[in-house]
Amino acid sequence: MILKLKIVLSLLLLSFKLCFSEKAIDSRIPEGFQKGTHTNNWAVLVDTSRFWFNYRHVANVLSIYRSVKRLGIPDSQIILMVADDMPCNLRNPRPATVFNNANEHINVYGDDVEVDYRGYEVTVENFLRLLIGRLPPGTPRSKQLLSDEGSNVLVYLTGHGGDGFLKFQDSEEISSQELADAVEQMWQKRRYNEMFFVIDTCQASSMYDKMYSPNVLAVASSLVGEDSLSHHVDPAIGVYIIDRYTYYALDFLERVEPDSRKTLGEFLKVCPKRLCISTVGVRRDLFRRNPDKVLITDFFGAVRPVEVVAGMDTNWPLKADGGLQNSSIDTSYKKPLQTSAVKFVYAHQFPPNS
């Protein structure tokens with residue numbers, strides 16, 4: 001009887017703690033925003049194009065990669081697919097670099113880019129297998145999307161597209177129906193909580209037309225019948241180096257911080273027709289939340305509210321037998337903290353007034 005009473009009291013105490021913790025997290029969400037139900041974030045970033053004249057597509061995907069990484073999604077939860085190796089292309093006058101701006105302000109390839117699928121590994125089959133989780137045995141963890149029912153998944157696609165398809169490697173295509181069915185399999189297998197598609201191709205909106213699974217939001221750089229255009233040329237490199245939609249999306253993301261209150265609704269409006277020239281399309285009928293009340297970091301970041309409930313000094317002096325001394329603690333043994341005069345700051349991808 002006493003044991004049962006102890007178990008009941010323990011369960012009551014645990015439920016009280018969980019309730020208190022939930023309220024503490026809720027209090028950190030700005031008023032007027034809808035709380036997300038996700039527990040982790042994943043990003044699948046895909047460039048599907050080969051050949052030097054498609055340099056801009058590599059710059060597109062690496063720019064988004066750098067932004068989501070800065071906002072908190074670790075490399076272990078980013079799947080980066082790059083169809084061609086522009087940094088090592090013989091035509092590249094700046095070997096081992098990729099720039100997204102004619103000012104060549106920053107090398108977005110950098111020294112800490114982890115490409116998971118490279119070159120001819122970027123295929124329709126590998127992309128679909130990645131989404132639905134049907135990869136061959138022995139596939140490295142870095143090539144797996146290990147999402148679950150608590151995952152918010154961002155999918156960014158850039159390349160050449162048409163009405164109802166997206167080219168891979170200029171030799172095969174994925175259809176909008178294939179993509180829709182893959183998302184449905186993900187939902188049935190509980191591989192996502194919410195998904196956000198960002199598609200920067202010609203006739204991009206056709207890629208989300210067939211989707212029918214719940215909790216999916218999508219934005220496209222162009223409507224059916226429209227081309228998605230490039231932004232500007234770098235004369236030193238000789239090709240267009242970024243697409244218009246991704247340029248303005250990136251300009252928005254550069255002003256987002258991990259604790260930002262900017263919303264998905266704002267992101268959906270980053271490229272009006274006077275800037276993009278094409279018409280940006282949005283599919284929101286499958287998404288249960290109002291994008292105007294959803295934080296942008298619900299998909300582009302991985303912020304975790306953490307509350308410190310207790311502190312412990314592990315440098316207490318010990319007895320010879322390993323126990324704590326009962327006498328008053330002498331803090332003279334502590335060494336003062338060494339503070340560095342060097343300050344590390346994030347280097348913005350765009351230079352001022354670019």
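The values are calculated or read from the model by the stated rules, or taken from the named source; none is laboratory data. Computed from a predicted structure; not experimentally measured. Cβ: placed from backbone, ideal geometry, glycine included. Neighbour counts: every protein chain shown. Heavy atoms of the whole protein, side chains included, go into the accessibility calculation; ligands, DNA and RNA do not. Shrake-Rupley method; radii C 1.70, N 1.55, O 1.52, S 1.80 Å.
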Practice prompt. Kindly list, by first and then second residue, each pair from a residue in the stretch 106-119 that is touching a residue at least 24 places away in the same chain (Cβ under 8 Å) to a residue that is in a loop (DSSP other than H, G, I, E, B) and among the β-branched types (Val, Ile, Thr), limited to pairs with Cβ atoms under 6 Å and residues at least 6 apart or on different chains.
Written response: 108/98; 109/97; 109/98
Worksheet entry | Subset tally (residues that are assigned to a helix (DSSP H, G or I) and open to solvent by 10 Å² or more (accessible area, probe 1.4 Å)) for the stretch 63-72 | 3
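Tell me which residues, restricted to the stretch 276-292, are of a type in the set (Lys, Arg) and either out of contact with any strand residue (DSSP E or B) (no Cβ under 7 Å at 6 or more places or on another chain) or closer than 19 Å to residue 71 by Cα (or both).
Of everything in the stretch 276-292, those that are of a type in the set (Lys, Arg) and either out of contact with any strand residue (DSSP E or B) (no Cβ under 7 Å at 6 or more places or on another chain) or closer than 19 Å to residue 71 by Cα (or both) turn out to be 288, 289.
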Fill in: Residue count, the stretch 269-288 (criterion: surrounded by fewer than 19 Cβ atoms within 10 Å (Cβ to Cβ) and of a type in the set (S, T, N, Q))
1
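Is there a residue in the stretch 112-123 that is open to solvent by 40 Å² or more (accessible area, probe 1.4 Å) and modelled with pLDDT under 90? It would help to see each step written out before you state the result.
Start the filter on the stretch 112-123 by keeping residues that are open to solvent by 40 Å² or more (accessible area, probe 1.4 Å), which leaves 112, 114, 118, 120-121.
Now drop any that are not modelled with pLDDT under 90, which leaves 112.
Within the stretch 112-123 (the criterion being open to solvent by 40 Å² or more (accessible area, probe 1.4 Å) and modelled with pLDDT under 90), the answer is yes, since at least one residue qualifies.
For the stretch 124-154, which positions are of a type outside the set (Ser, Thr, Tyr) and open to solvent by less than 30 Å² (accessible area, probe 1.4 Å)? Show your work before the answer.
As a first pass, look at the stretch 124-154 and keep what is of a type outside the set (Ser, Thr, Tyr): 124-138, 140-141, 143-146, 148-150, 152-154.
Within the stretch 124-154, 124, 127, 130, 131, 132, 145, 150, 152, 153, 154 qualify.
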Item to complete: List every residue pair whose Cβ atoms sit under 8 Å apart, with the two residues 6 or more apart in sequence or on different chains, where the first one lies in the stretch 73-100 and is part of a helix (DSSP H, G or I) and the second, anywhere, is of a type in the set (Val, Ile, Thr).
Response: 86/58; 86/98; 87/97; 87/98
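For the stretch 229-262, which residues satisfy the criterion of being among the polar types (S, T, N, Q) and touching a residue at least 60 places away in the same chain (Cβ under 8 Å)?
Filtering the stretch 229-262 for residues among the polar types (S, T, N, Q) gives 230, 246, 260.
Scanning the stretch 229-262 gives 230, 246.
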Worksheet item: Pairs under 9 Å by beta carbon, first residue in contact (Cβ under 8 Å) with a residue 40 or more places away in the chain in the stretch 141-155, partner among the basic types (Lys, Arg) and open to solvent by less than 60 Å² (accessible area, probe 1.4 Å), six or more apart or different chains?
Response: 145/191; 147/191; 148/191; 149/191; 151/191; 153/191
Worksheet item: Do you know which of the residues in the stretch 42-62 that are touching a strand residue (DSSP E or B) at 6+ places or on another chain (Cβ under 6 Å) and either assigned to a loop (DSSP other than H, G, I, E, B) or among the acidic types (Asp, Glu) (or both) is farthest from residue 76 (Cα to Cα)?
Response: 48
Fill in: Condition check for residue 109: among the aromatic types (Phe, Trp, Tyr), within 24 Å of residue 221 (Cα to Cα) and in a loop (DSSP other than H, G, I, E, B)
yes
Discussion item. Take the residues in the stretch 212-221 that are in a loop (DSSP other than H, G, I, E, B) and in contact with a strand residue (DSSP E or B) (Cβ under 7 Å, 6 or more places away or on another chain); name whichever of them is most open to solvent (accessible area, probe 1.4 Å).
Written reply: 215
Item to complete: Name the single residue, out of those in the stretch 246-268 being open to solvent by 20 Å² or more (accessible area, probe 1.4 Å) and of a type in the set (Asp, Glu), that is farthest from residue 288 (Cα to Cα).
Response: 251
Worksheet entry | Residue check, residue 198 surrounded by 15 or more Cβ atoms within 10 Å (Cβ to Cβ) and in a strand (DSSP E or B) | yes
Practice prompt. Specify the residue that is nearest to residue 131 (Cα to Cα); the eligible residues are those in the stretch 165-192 that are open to solvent by less than 20 Å² (accessible area, probe 1.4 Å) and not aliphatic (A, V, I, L, M).
Written response: 192
